[in-house]
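The values are calculated or read from the model by the stated rules, or taken from the named source; none is laboratory data. All values derive from a computational prediction rather than experimental measurement. Quick reminder, even Gly has a Cβ in these numbers, built from the backbone with ideal geometry, and neighbours come from all protein chains shown. Just so you know, the surface numbers come from the protein's heavy atoms only, side chains and all, with ligands and any DNA or RNA stripped out. Shrake-Rupley method; radii C 1.70, N 1.55, O 1.52, S 1.80 Å.
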Amino acid sequence: KFLLFFQLVVIILAGVISRDSLYSVLVAAVGVVFNLMVSLNIPQGFLAGMVYALTNGVLSWQAGAYASGIFMFVLQTPMAAYSYLSWKKKKEETDQIMRRMTRKGTGLLVASMLAGWLVMFFLLPASDGGRGIGTVLDAAFFVFSVAACLQLAFCYKSAYLVTLLSGLGGTLLWGWKMFEKGTGLSLAVFYLIVLVNSVIAVRMQYFSGEK
């Protein structure tokens, strides 16, 4: 509870400092609840995830992060609902929700992510300055987020490693949007918190002594 309270306070302070809209701060706050609960293997976190996905989708589209907006509406929202039902059922059967991915599966995942990034990079509309840093970050964040979303839904431990990359990508993407527009620090800080929570989750999944 203290960790959640601390992270929410950090989000609010970031929003005040950069004069973000109340809507942006609320989206980031809901995202913190979602991410921390899922990082701790709490299925109810996906309920907050559905709200976060819908509200963040609107924000991403307005900010010109089109790949992220599409991801939130088309994939994150329905997969959050599926993940909640899947995790809840598994939690009733066993405390060990997550499983390891095979080496073959890991190789296919990495190859798919690289291919997906190339496709999204060239599909996204170019800005006035061409395909610059914003497009690179938007495409990368989209791919990391899709991979993490699907792996969480199907209960693979490696989801937390990819979520760590998604947190890094989101921090860079919204940091760049803040640099362009002057606001958005609350979301950049949120994704930095995602990165930190992912480190905690990776430690729990891989270094807690559980097989």
So which residues in segment 201-211 are of a type outside the set (Lys, Arg) and part of a helix (DSSP H, G or I)?
Ala201, Val202, Met204, Gln205, Tyr206, Phe207
Among the residues of segment 3-19, the number that are open to solvent by 20 Å² or more (accessible area, probe 1.4 Å) and touching a residue at least 12 places away in the same chain (Cβ under 8 Å) is 7
Search result, residues across segment 2-46 that are outside any helix (DSSP H, G or I) and either among the aromatic types (Phe, Trp, Tyr) or at negative phi (or both)
Ser18, Asp20, Ser21, Leu40, Ile42, Pro43, Gln44
